[in-house]
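One structure below.
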Amino acid sequence: MKTFAEFGLEPKVLQAITELGFEESTPIQSKAIPIALTGSDLIGQAQTGTGKTAAFGIPLVNKIPVTEDRIVALIMTPTRELAIQVSEEIGKLTRYKGLRSLPIYGGQEIGRQIRALKKRPQIIIGTPGRLLDHINRKTIRLDDVQTVILDEADEMLDMGFMEDITSILSLVPEDRQTMLFSATMPPNIRRLADQFLKDPQHVSVIPTQVSAPTIDQAYIEVHERQKFDALSRLLDMESPELAIIFGRTKRRVDELSEALQKRGYSADGLHGDLSQNQRDAVMRKFRDGSIDVLVATDVAARGLDVSGVSHVINFDLPQDPESYVHRIGRTGRAGKEGTAWSFVTPRELDHMHFIEKVTRHKIAKKPLPSIAEAIEGKQRVTAERILEAMDGESVHEFKAIAIQLLEQYDSVNLLAAAIKLITGEKKDVNIELTPEDPIRAKKRRPDVRTSGRRFSGGPFGGGNRSGSGPRGRGEGGGYGGGNRGGYGGNRGSNSGSGGGYNRDRDRDGGGGGGYRGRGEGRSDAPRRPRPSADE
Ligand SMILES: Nc1ncnc2c1ncn2[C@@H]1O[C@H](COP(=O)(O)OP(=O)(O)OP(=O)(O)O)[C@@H](O)[C@H]1O
Ligand SMILES: [Mg+2]
C-alpha cells in the first residue's frame, strides 16, 4: 500500500494525516486519492470501515486554498449524525491547514447555523433538507462550489432525496468536480451518475463479498417472542465492549432500550423521533462509553464510525441486503475484528438466505446461547475485571481486610461470593415487547431492462445477476412494476412511531412535508412518505 507522502500532498495535510495515526493508505484511498487530485469525477465503492471518508476528505482539503473565503465544497450525507461525524473528520484533516468546515443539519437551531455561516466556512457538510432550507433563505449560496461529494450516495437516492439533490445541484456551477461514495452501489445509482457526473472514473475495491471480511457473521433462528431473552443471553455470553442493536421501528427501539435498562444493561435508543438534543446526547454517551449498548433504527446504519463497537446485533432483520451490509459494517472497522449476529424468525429464513445470496457470503447458523453459557460469560467478564483490578493502584488499600477475611474463611468461598456480588443478579423483570411482523423475502426482478453501460465490479453493481437476480430495480424502467414494494406493502406506513416498517433515516425535511415521490414521476412506484419538517 502507498504511504500518504507518495500522493504529493501539502505538508500541512500530511502532518494532519500523521496525527490521525494513518500510516499507510487503505486500498480505496490509494486508488481514489490520485484520481480525485486530478479533478476528475469519481464513483468510489469500498467495504464498510475502509476509510472512504479520508479518500474524499484528503484530496478535498488539499485542493482548497486557505485564502478562500467562499463556500467551495459541499458534502451531502443522508443523516445528521453522519454529517456531524464527517465534519469532524474533515476538521481533523484540516487542522494544520486551517480551513473552516461546518455541519448543517436539521434539528439544530437555524440561527446558530446562520451565525456559524458568517465565519465563512469553505466546506459545508449537510443533510439535503436543511441545506435547501438555507438555500431558500439565502443564507447559503452555492455559486462558487467547485467540489460536491455525496457520501452514502445510494442511500441518498433510496431515501427519496433525488428531488432535493437535483434542486441543490442545479445551483452548483457545472464545471465542478463531483464524487459519489458508498460501500454498496445498486444499479440505480447510475441515474444519479448520469445526471450529475461527467465521465466519472470508477474506483471499486470490493473483492468478492460486499461485507467487510473482518466481521464474523452468524444468525440465530428464534421466534419473535423469544427474541428478548435471546438478546440478553447473547449480551451476557459475549459481553461486548460496545454493541449496536438494530430494531425495525422507532417503537421497537423505544421498547427495547427501556427493556434493556430494566434488566440492568447500560443502553439507550436512537431514532428519528427524538429531538436533536436527545440524539446528540445518546451519540455522545455511546462514543464516550457511558452507555455500552446503542439500540437504533436504520438511522444509525450508515457511515457511523464509533471505535470499540465489537458487536452488531440485528434484533430484527433489515429490509434490504444493502442495509444488512451497512448495519453490520458498524463493527469490524479499520481492520479490527467484529461480530455480527442476526435474529431470524422461522418465516424470515428465506429473507436471510436472500441476504446471503446478494452479499455473497454464507452466514453461519448458531444455536441460541443457553442459560449456562450466558451465566458463564458473565462470570468470565467479572473474573477478567477482577484480574484487571489487581494491577490497579489502589488495591493495596483493600489488602488488610483481605488478609483478615482469609484468616477466617475459605478462600474459594470468599472469592465466589465476591464474584457473585460483582456479577450482579439479573433483575427479574417481566419484559413484553410488541411483536413485529416478519420480513418476507420476495424475489426482486432481475434488471432485465437494463440497457447500455453498466457499472462494473461491485457485487451490487450489475453484471452479477443471474436467475432471480438479487437486486432487480430495473433501472431502464425506473422503479416500474413496483418490485420494491413487494415486501409486505407496509413500506410506506411510517407515520408515527407505531408499527409498520419504518426506514427512519433522517427526518430532515427542509421545506414542506407530506408525500414526495422519488423524483421519477412513476405512478406505480412505491413511494415512501417524505417526512414533514422536524425543525
Ligand atoms: N489509512 C488509514 N489508516 C488507518 N486508519 C484509517 C485510515 N483511513 C481511515 N482510517 C480509519 O478507519 C475508520 C473507518 O473509516 P471511514 O469511516 O472513513 O470508513 P468508510 O469506508 O467510510 O465506512 P462506511 O462504509 O461504514 O461509511 C475510521 O476510524 C478512520 O479514522
Ligand atoms: Mg463512510
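Tabulated data for the structure shown
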read-out	value
Estimated inter-spin distance, residue 412 and residue 170, nm [label 7 Å along Cα→Cβ]	8.0
In Hz, Karplus ³J(HN,Hα) per residue of segment 173-178 (6.51, -1.76, 1.60; θ = phi - 60°; x = Gly, Pro)	x, 5, 7, 10, 9, 10
Vicinal HN-Hα couplings computed from phi for segment 131-142 (Karplus, 6.51 cos²θ - 1.76 cosθ + 1.60; Hz; Gly/Pro x)	4, 4, 4, 5, 4, 5, 7, 6, 8, 10, 10, 10
Sparsely packed trypsin sites (Lys or Arg not before Pro) within segment 275-359, loop by DSSP, other Cβ within 10 Å at most 16	336
Accessible area per residue, Å², segment 159-203 with all protein chains present, probe 1.4 Å	34
Calculated Rg and Dmax of segment 108-147 using C-alpha coordinates, Å	9.7, 27
Proximal charge balance of residue 395 [Cβ under 15 Å; K/R count +1, D/E count -1]	-2
Taking the C-alpha atoms of segment 194-248, convex hull volume expressed per residue in Å³	194
Accessible-area value, residue 241, 1.4 Å probe, nucleic acids and ligands omitted, Å²	130
Most positive-pole-ward Cα, 304, 412, 326, against dipole of segment 300-428 from beta carbon charges	326
Within segment 86-164, chymotrypsin sites (Phe, Trp or Tyr not before Pro) in DSSP loop having at most 10 other beta-carbon neighbours inside 10 Å	none
Sequence of 384, 6 when ordered by accessible area, the most exposed leading, probe 1.4 angstrom	6, 384
Nonlocal amide H pairs with residue 104, under 5 Å, H built at 1.01 Å	125, 126, 127
GluC sites (Glu not before Pro) lying in DSSP loop within segment 21-109, provided at most 11 other Cβ fall within 10 Å	23, 109
Long pairs among 52/285; 227/262; 118/138; 97/138, criterion Cα-Cα beyond 23 Å	52/285; 97/138
Per-q log10 I(q)/I(0), segment 20-95, q = 0.16 Å⁻¹ (Debye; single scatterer per alpha-carbon; no solvent)	-0.62
Long-range amide H partners of residue 314 with built H, under 5 Å	246, 341, 342, 343
Cα centroid of segment 118-190 to Cα centroid of segment 54-84, whole Å	11
Ellipsoid semi-axes in whole angstrom, largest first, where each is sqrt(5λ) of the Cα gyration tensor of segment 275-343	19, 15, 10
Which of 184, 339, 3 is most accessible, then next, and so on - probe 1.4 Å	3, 339, 184
Rounded to the nearest 10 Å², the accessible area of residue 181 at probe 1.4 Å	0
Label-reachable residues, segment 47-68, where backbone N falls under 14 Å from a point 7 Å from residue 20's Cα toward its Cβ	49-63
Solvent exposure ordering (accessible area, 1.4 Å, most first) of 110, 244	110, 244
Taking the C-alpha atoms of segment 36-190, convex hull volume expressed per residue in Å³	107
Solvent-accessible surface (1.4 angstrom probe) belonging to residue 396, in square angstrom, nearest 10	120
Paramagnetic reach from residue 144 (point 7 Å along Cα→Cβ, amide N under 13 Å) across segment 107-131	118-124
³J(HN,Hα), Karplus 6.51/-1.76/1.60, whole Hz, each residue of segment 117-129, x for Gly, Pro	5, 5, 7, 6, x, 8, 10, 10, 10, x, 8, x, x
DSSP bridge pairs, segment 6-154: antiparallel proportion in percent, nearest 5	0
Centre separation in Å (Cα based) which lies between segment 343-371 and segment 200-254	11
Gyration tensor verdict on segment 82-123 (Cα atoms; rounded if a/c is under 1.5, prolate if a/b is larger than b/c, oblate otherwise)	oblate
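The values are calculated or read from the model by the stated rules, or taken from the named source; none is laboratory data. Since the structure is predicted, the reported quantities are computational estimates derived from the model, not experimental observations. We place every Cβ from the backbone using ideal geometry, glycine too, and count neighbours over all the protein chains shown. All accessible areas refer to the heavy atoms of the entire protein, side chains included, with ligands and DNA or RNA removed. Shrake-Rupley method; radii C 1.70, N 1.55, O 1.52, S 1.80 Å.
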